[in-house]
Amino acid sequence: MAIPFDNRYAALGEGFFMRTRPTPVPAPALIRFNHELALDLGMDPERMEPEYVARIFSGNEIPEGAEPLAMAYAGHQFGFFTPQLGDGRAILLGEVTGRDGRGYEIHLKGSGRTVFSRNGDGRAPLGPVLREYLVSEAMHRLGVPTTRALAAVTTGEGVFRDRVLPGAVLTRVAGSFVRVGTFEFHARRGDVEAVRKLADHVIGRNYPELAQSDNRYLALLEAVVGRQASLVAKWMGLGFIHGVMNTDNMSILGETIDYGPCAFMDCFDFDRVYSSIDQHGRYAYSNQPGVGLWNLARLAECLALIVDPDMEAAIESVKNILGGFMPAYESAWLEGMRAKCGLFRTDGAAGRPDRRVVDDLLALMAKSGADFTLTFFLLSSLRDRPAAGDEKFLEQFGPMADPVRKWLEEWRAALARQSVGEKRRQEEMRRVNPVYIPRNHLVEAAIRSAEEDDDYSAFHELHEVLQIPYELKRGKERFQLPPVPEEEVRQTFCGT
């Protein structure tokens, strides 16, 4: 098999990484291989036998042209700076140019110890590998920028956590694995030239349109701010909680990265937290926009070193760019939420502004604990006038049916103001309100079945359902439903 490697990150030099080979595993076996993504990356999956795929993507065999390395980065974790983190259980296998002409990096996660492992074993348990495969591919199908899953492989050896768990390796793909923390690694060491070299690399590889800007480093910050604002707005519109929004988990490309203690909400709660280590709710659902801005401020501190020789002028320039984050986020969020509510054309002067319609619905959902995804899906099917279908929607709100009926009146009044036909409005709403998300209890059930019984059928079935998230499938009703109380998963873990 020929993988068309084009390893530009390796050309940056040793200060940006340590050359590291994966640690071989005793018995690699393929769980799943993403043929569609492989084609997009310029590979020929028809020539790739499962045993060979398992050897390559477990790290047991290094393909020609690969230059394995562990990337160096730092990061603010829960607000506290750690000067050296780096790829402690992951290795950048190499980079390829896809069929679309864009560059992609191929990363092995769980491939053994590196110089950055600290006291870790560099391995990944099976559960987090399956979770990231399911959730990252679901995010892609939901239209959210994300890393992708190329392969999942078992290793044939145990990983020691609170108990012995099956080991696995995930191969993931991103436009770039450079993070805010990568810039922090060099900036906090006072290595201005390394910051400049890294910024030039990111611009040349991922933002070539910025190369001719009057100040390409300010333009880079502005581009990242815009992408992050859009990304967080998409998370919020799907009820997604990242769980660990540290600066080392914030991609310079505005892609969702590092699916550790993440989850999609069932019962809506503005303050919902899933990470078992987030005891103070720093990364709660409603805090995600503010944390996104906080992380971008850390990036701005790094780029200020190269924006302008006059540091006061540099600080003022990056502050102006940061000031655009919240307006961009609010605009993207409101546009997305209006679409979820079928409000495609607004006329605030004619009546109640759409923002209040959205805010009031979320408030009612929070008070009643209505299921986030199911509520919006059912809303997509309602008629422009009261009908029998209203009752199923009202059931989501329990004893709060009366205030929800009043809200429906306001919603229908807003629909009437925009003069969009009922059928078209329903069709447009169904394009943005998914039927299926990777519900946490279904993901955990698939993981338990694989861990305890070596049975991957639940994993594969869930994956297939999530590939077409906006289309209702006959016989798949259980994938649409929230958990019953005994199925509810209240916390998730990163697997380290």
(request) Provide Lys476, Lys109, Lys234 ordered by accessible surface of protein heavy atoms (probe 1.4 Å), highest first. (result) Lys234, Lys476, Lys109
(request) Please give, to one decimal in nm, the separation of the simple spin-label points placed at Glu209 and Leu12, each 7 Å out from Cα toward the Cβ. (result) 2.3
(request) Would you mind listing how long the chain runs along its three principal axes, going by Cα atoms, in whole Å with the largest first? (result) 65, 62, 42
(request) Heavy atoms only, probe 1.4 Å: what % of the accessible area of the chain goes to carbon and sulfur, would you let me know? (result) 50
(request) Excluding Ala10 itself, calculate the net charge of residues whose Cβ lies under 13 Å from the Cβ of Ala10, where each Lys or Arg counts +1 and each Asp or Glu counts -1. (result) -2
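What FRET efficiency, computed as 1/(1 + (r/R0)^6) with R0 = 41 Å and r the Cβ-Cβ distance, is obtained for Glu488 and Asp310, rounded to the nearest 0.05?
0.15
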(request) Sort Cys341, Cys267 by accessible area with a 1.4 Å probe, largest first. (result) Cys267, Cys341
(message) Using a 1.4 Å probe on the protein heavy atoms only, what accessible surface does His460 show? Give it in Å² to the nearest 10.
(response) 60
(request) Would you mind classifying region 215-371 by shape? Square roots of the alpha carbon gyration tensor eigenvalues, ordered a ≥ b ≥ c; an a/c under 1.5 is rounded, otherwise it is prolate if a/b is larger than b/c and oblate if not. (result) oblate
(request) Give me the distance in nm between label points sitting 7 Å out from Cα along the Cα-to-Cβ direction at Leu472 and Arg161, one decimal. (result) 3.7
(message) Between Asp384 and Ser286, what is the label-point separation in nm under the 7 Å Cα-to-beta-carbon projection?
(response) 3.5
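Could you size up the charge dipole of the chain around its Cα centre, putting +1 on the beta carbon of Lys and Arg and -1 on that of Asp and Glu, and report it in debye to the nearest 20?
So the magnitude is around 720 debye.
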(message) Suppose a student asked you for the relative contact order of the chain, using Cα pairs under 8 Å spaced at least 6 residues apart; what percent would you report?
(response) 14
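Given a Förster radius of 22 Å and the C-beta distance between Phe81 and Trp294 as r, what FRET efficiency does 1/(1 + (r/R0)^6) yield to the nearest 0.05?
Here the calculated transfer efficiency is 0.95.
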(request) Determine the alpha carbon to alpha carbon distance for each of Lys234/Lys476; Lys340/Lys406; Lys319/Lys367; Lys109/Lys476; Lys234/Lys392 and list only those over 28 Å. (result) Lys319/Lys367; Lys109/Lys476
(request) With everything on Cα atoms, drop me the angle between helix 311-322 and the longest principal axis of the chain, reported from 0 to 90° to the nearest 10. (result) 40
(request) Can you tell me the 0 to 90 degree angle between the C-alpha axis of helix 354-368 and the longest principal axis of the chain, rounded to 10? (result) 90
(request) Rounded to the nearest 10 degrees, what's the angle between the helix 440-453 long axis and the longest principal axis of the chain, both from Cα atoms, 0 to 90? (result) 50
(request) Can you bin region 161-231 into rounded, prolate or oblate? Criterion: square roots of the alpha carbon gyration tensor eigenvalues sorted a ≥ b ≥ c, rounded for a/c under 1.5, prolate for a/b above b/c, oblate for the rest. (result) prolate
(request) Would you rank Tyr9, Tyr104 by solvent-accessible area, highest first, keeping every protein chain in place and using a 1.4 Å probe? (result) Tyr104, Tyr9
(request) Would you tell me the accessible area of Ser117, worked out with a 1.4 angstrom probe on the heavy atoms of the protein chains, in Å² to the nearest 10? (result) 10
(request) Between Ala401 and Arg356, take the C-beta separation as r, use R0 = 25 Å, and let me know the FRET efficiency to the nearest 0.05. (result) 0.80
(request) At 1.4 Å probe size, with no ligands or nucleic acids counted, give the accessible surface of Glu427 in Å², nearest ten. (result) 80
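The values are calculated or read from the model by the stated rules, or taken from the named source; none is laboratory data. If you're wondering where the values come from, they're calculated on a predicted model, not measured in any experiment. Neighbour counts run over all protein chains shown; Cβ positions are idealised from the backbone, glycine included. Remember, those area values only see protein heavy atoms, side chains included, never the ligands or the DNA or RNA. Shrake-Rupley method; radii C 1.70, N 1.55, O 1.52, S 1.80 Å.
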